[in-house]
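Comments concern the structure below.
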Amino acid sequence: MALNNTGDWVAMGCVGLGQLLVWEWQSETYVMKQQGHFNNMSCLAYSPDGQYIVTGGEDGKVIKLSLF
């Protein structure tokens, strides 16, 4: 799990599904739901400018996703 630099969005990796969920807590809505890995997502991080999320998984893939 990671927070963006403003603290408005919470990114969560669903371990068994390989999904990335980004939740905007003030409006209680999903910003993004993304299937990216075939099995466990093991890490995720926001870029310093908050424009991207990078995920890594046990399937050996590293995925860079644009938020804007």
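Looking at the range 14-50, which of its residues are among the polar types (S, T, N, Q), over 15 Å from LEU3 (Cβ atoms) and touching a residue at least 12 places away in the same chain (Cβ under 8 Å)?
GLN19, GLN34, GLN35, ASN39, ASN40, SER42
State all residues of the range 58-68 that are under 15 Å from TRP9 (Cβ atoms), assigned to a strand (DSSP E or B) and open to solvent by 30 Å² or more (accessible area, probe 1.4 Å); if no residue qualifies, say none.
SER66
From the residues in the range 29-55 that are in contact with an Asp or Glu (Cβ under 6 Å, 6 or more places away or on another chain) and not aromatic (Phe, Trp, Tyr), which one is modelled with the lowest pLDDT?
Ranking the candidates gives ASN39 first.
The values are calculated or read from the model by the stated rules, or taken from the named source; none is laboratory data. All of these numbers come straight from a predicted model, not from anything done at the bench. Note that we place each Cβ from the backbone using ideal geometry, even for glycine, and neighbour counts take in every protein chain shown. All accessible areas refer to the heavy atoms of the entire protein, side chains included, with ligands and DNA or RNA removed. Shrake-Rupley method; radii C 1.70, N 1.55, O 1.52, S 1.80 Å.
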